[in-house]
């Protein structure tokens, strides 16, 4: 696996506690969904496979008292709406595309279920 870039490390400036969560997520995405381009932006780190299919951010999908510390929010797009207690928000920005948010507070939450959703999202992005 390639090392984290300086831009990726800078994204976590002041929130270094969340870096292990991101590093584990990144490893899983590169392993399961590759080839993937990583784009660091001001508010998120995007994972692109022809098109953006997932992102890591600090989007507050829960009230502050209900969020773990540290945390990251994983956002991904699918052609269907998921029905799972792990999904902390799902919107349909346009017909046939659902954006989902999952809050991660522990690396153990980066499991087979989440990996399957991310693989599906990568495939959905490539097919569009």
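Here is how the numbers come out for the structure above:
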item	result
Matching entry among 18, 56 (being assigned to a strand (DSSP E or B) and on the phi < 0 side of the Ramachandran plot)	56
Matching strands (runs of 3 or more DSSP E) fully within region 60-128 where at least 2 residues are under 17 Å from residue 30 (Cβ atoms)	72-78
Residue match in region 83-102 (condition: closer than 27 Å to residue 13 by Cα, touching a helix residue (DSSP H, G or I) at 6+ places or on another chain (Cβ under 6 Å), crowded, with 19+ Cβ neighbours inside 10 Å and in contact (Cβ under 8 Å) with a residue 12 or more places away in the chain)	no
Conditions (1) within 21 Å of residue 34 (Cα to Cα); (2) in contact (Cβ under 8 Å) with a residue 12 or more places away in the chain: number failed by residue 46	(2)
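Each row is one residue, and each column tells you yes or no for (1) touching a helix residue (DSSP H, G or I) at 6+ places or on another chain (Cβ under 7 Å); (2) modelled with pLDDT under 95; (3) more than 26 Å from residue 116 (Cβ to Cβ).
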site	(1), (2), (3)
15	no, no, yes
23	no, no, no
30	no, no, no
42	no, no, yes
45	yes, no, no
63	no, yes, yes
66	no, yes, no
72	yes, no, no
75	no, no, no
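The values are calculated or read from the model by the stated rules, or taken from the named source; none is laboratory data. The structure displayed is predicted, hence computed values, not measured ones. Note that we place each Cβ from the backbone using ideal geometry, even for glycine, and neighbour counts take in every protein chain shown.
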